[in-house]
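Asks: Sharing a structure below in structure tokens format, with a few things to ask.
What follows is calculated from the coordinates using simple rules that are stated; it is not laboratory data. Keep in mind it's a predicted model, so treat the numbers as computed, not measured.
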Amino acid sequence: MINTEVIKKLRLQRQLTLVAAANAIGLTRADQYLRRENGQYQFKATELPALADLLGVPMEKLFIKSKH
């Protein structure tokens, strides 16, 4: 499961706009990105490598760890 709270926190820490984040993962509008960040839509698997790169973290950091 994607950890949208961490994604938003990291984006804000890096002072990245919604437009910049959207463009970095191949979206054309900020609202498309915002819906993903708010959990209304899921990030696509193809967007995650670019998102991790943008946020400067390993891709694993974008996921919630299971408690198994």
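Asks: Relative contact order, percent, of the chain when contacts are C-alpha pairs under 8 Å separated by at least 6 residues?
Replies: 40
Asks: For Lys44, list the lysines whose Cα falls under 22 Å from its own Cα; do not include residues on the same chain fewer than 8 positions away.
Replies: Leaving aside lysines fewer than 8 places away in the same chain, those within reach of Lys44 are Lys8, Lys9, Lys61, Lys65.
Asks: Please list, short to long, the whole-number percent of alpha-carbon pairs of the chain in consecutive 5 angstrom bins beginning at zero.
Replies: 3, 18, 32, 30, 11, 3, 2, 0
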